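K.L.:
Sharing a structure with you now.
The values are calculated or read from the model by the stated rules, or taken from the named source; none is laboratory data. Everything quoted here is computed from the prediction, not taken from an experiment. When we count neighbours, we look across all protein chains shown, and the Cβ atoms used for this are built from the backbone with ideal geometry, even at glycine. The area values use the complete protein model at the heavy-atom level, side chains included, leaving out ligands, DNA and RNA. Shrake-Rupley method; radii C 1.70, N 1.55, O 1.52, S 1.80 Å.
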Amino acid sequence: MALENDGRFAEAEAEYQILVTLLTPRLAPSDRNMIALGQRLANVQVGQEHFEAALATARPAYDQALAELGTDHEVTQDLRLALAASLARLGRYGESEPFARPPLTGCGRKGMNRALPTSPPPWR
């Protein structure tokens, strides 16, 4: 995580790939640690603009996060955004939109609905 925070995405990706190699035989894909590892790996791949790799990492992790953690969990939402960003950057906008939309509509469930107006501004 420190490597990510320093913007050293290639080094972070190498470390995460080592963890994937070590943990895959020991943990189920539905294990929360594997889901979180997929999240981290996808994010450093997006950070390096390796969007195809990020899709390959984020999609199965997202499916597991959705099943194990639910739609409102921050890991699920982060993976959803990694998918949306990767698809959009690859020019696959139609595929990207369904992943980009739920986090925005989900803001109301987190008590942030005051930031999202429900009616047009009064000056219209």
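K.L.:
Can you order the peptides 20-26, 78-84 by their average number of other Cβ atoms within 10 Å per residue, highest first?
P.N.:
Numbers: 20-26: 10.4, 78-84: 23.1.
The most tightly packed comes first, giving 78-84, 20-26.
K.L.:
Could I ask something else about it? Test of understanding: what is the full-extension gain from Asn5 to Ala88, defined as 0.36 nm times their sequence separation minus their Cα-Cα distance? Each step should come with its number before you reach the end.
P.N.:
Details: separation 83, 0.36 × 83 = 29.88 nm, distance 2.38 nm.
My answer for the length gained is 27.5 nm.
K.L.:
HN-Hα J couplings of region 75-92 from phi, Karplus 6.51/-1.76/1.60, θ = phi - 60°, integer Hz, Gly and Pro as x?
P.N.:
Once θ is set to phi - 60°, the couplings for region 75-92 become 5, 4, 5, 5, 5, 4, 5, 4, 5, 4, 5, 5, 4, 5, 5, 8, x, 9 Hz.
K.L.:
Whose amide H sits under 5 Å from the amide H of Asp31, counting only residues 5 or more places off or on another chain, with H placed in the peptide plane?
P.N.:
Under 5 Å from the amide H of Asp31 lies no amide H from a residue far enough along the sequence or on another chain.
K.L.:
Leaving out ligands, DNA and RNA, what percent of the accessible area of region 1-84 is carbon and sulfur, probe 1.4 Å? Mind showing how you got there, number by number?
P.N.:
On the way: 2390 of 4480 Å².
Percent of accessible area from carbon and sulfur atoms in region 1-84: 53.
K.L.:
Starting at the first residue of region 57-66, write each ³J(HN,Hα) from the Karplus equation 6.51 cos²θ - 1.76 cosθ + 1.60 with θ = phi - 60°, in whole Hz, x for Gly and Pro.
P.N.:
Running phi through 6.51 cos²θ - 1.76 cosθ + 1.60 with θ = phi - 60° gives 7, 6, 4, x, 5, 5, 4, 5, 4, 4 Hz.
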